[in-house]
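Take a look at the structure set out below.
The values are calculated or read from the model by the stated rules, or taken from the named source; none is laboratory data. Remember, predicted model here, so these are calculated numbers, not experimental data. Because the Cβ atoms are built from the backbone with ideal geometry, glycine has one as well, and the counts that use them run over all protein chains shown.
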Amino acid sequence: MEVMLWALALLDLLLALLALRMSSTLGEEIKKLKREQYYADSRLKRVAEEFKEAIEPLRLHLAKLATGGYVPQEAILAGRLYMDVSAEEAQRVMESEGGQHPEKVLLVDVRTPREYAAKRVVGAKLVPFDELEKRYKTEIPETAEKVFVYCMSGERSRSACDFLSRQGYSNLYHVRDGFQGWRGPTEGEGELKFIQIQPR
């Protein structure tokens, strides 16, 4: 009888250990499923946002076309509000088309007045990024065929193109490498000096 009690106790212990192990495995599986559900929900939210971002340029282009405006075919096909070009590409267009039709091709500098005074692309119009919202309607014609926008390295000009494209401009070309990539003719009072902070 005593042996039987020991056998039952040992069997109970083994069953308890087995149940504990299964419970632990089940707990891990539940955690894994919750993690996977969280990641799937996050991906689903991103897909909705990406879809909205992809459709927005087409909606704005369609609105422009519906009011009789012009949208370059390349912008529609690329699904972009504005086109990215290199400084070299912008220079070629400015030299070939800008000289013959200056009212159709415009180069806009969105740097600060100080940067502009120091050195700028010949013929560029200054509309500082900080003043863009106040000045764009009067100083950047929507009727121009091409408006090239540049800054020093491409960040401010990208933001300027984002802003202008949402105001209905469809003739924008962002000079992605900015003034630092420009190899054509320049003018100005001299070099712009920057203060560098050295680590100790």
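Would you point out the residue of segment 124-161, among those that are in a loop (DSSP other than H, G, I, E, B) and under 23 Å from the mean Cα position of the chain (by Cα), that is surrounded by the fewest Cβ atoms within 10 Å (Cβ to Cβ)?
From segment 124-161, those in a loop (DSSP other than H, G, I, E, B) are 124, 127-128, 140-145, 151-154; that's our starting set.
Now drop any that are not under 23 Å from the mean Cα position of the chain (by Cα), which leaves 127-128, 140, 142, 151-154.
Numbers: Val127: 22, Pro128: 19, Ile140: 21, Glu142: 16, Cys151: 24, Met152: 19, Ser153: 14, Gly154: 20.
The extreme case among them is Ser153.
In segment 70-87 there is no residue matching the filter, namely being touching a Cys at 6+ places or on another chain (Cβ under 7 Å), at pLDDT 95 or above, surrounded by 13 or more Cβ atoms within 10 Å (Cβ to Cβ) and closer than 20 Å to Tyr169 by Cα. Every listed requirement among (1) touching a strand residue (DSSP E or B) at 6+ places or on another chain (Cβ under 8 Å); (2) at pLDDT 95 or above is met by Lys119 save one, (2).
When segment 14-52 is limited to residues that are under 30 Å from Gly79 (Cβ atoms) and among the small types (Gly, Ala, Ser), the one that is farthest from the chain's Cα centre (by Cα) turns out to be Ala40.
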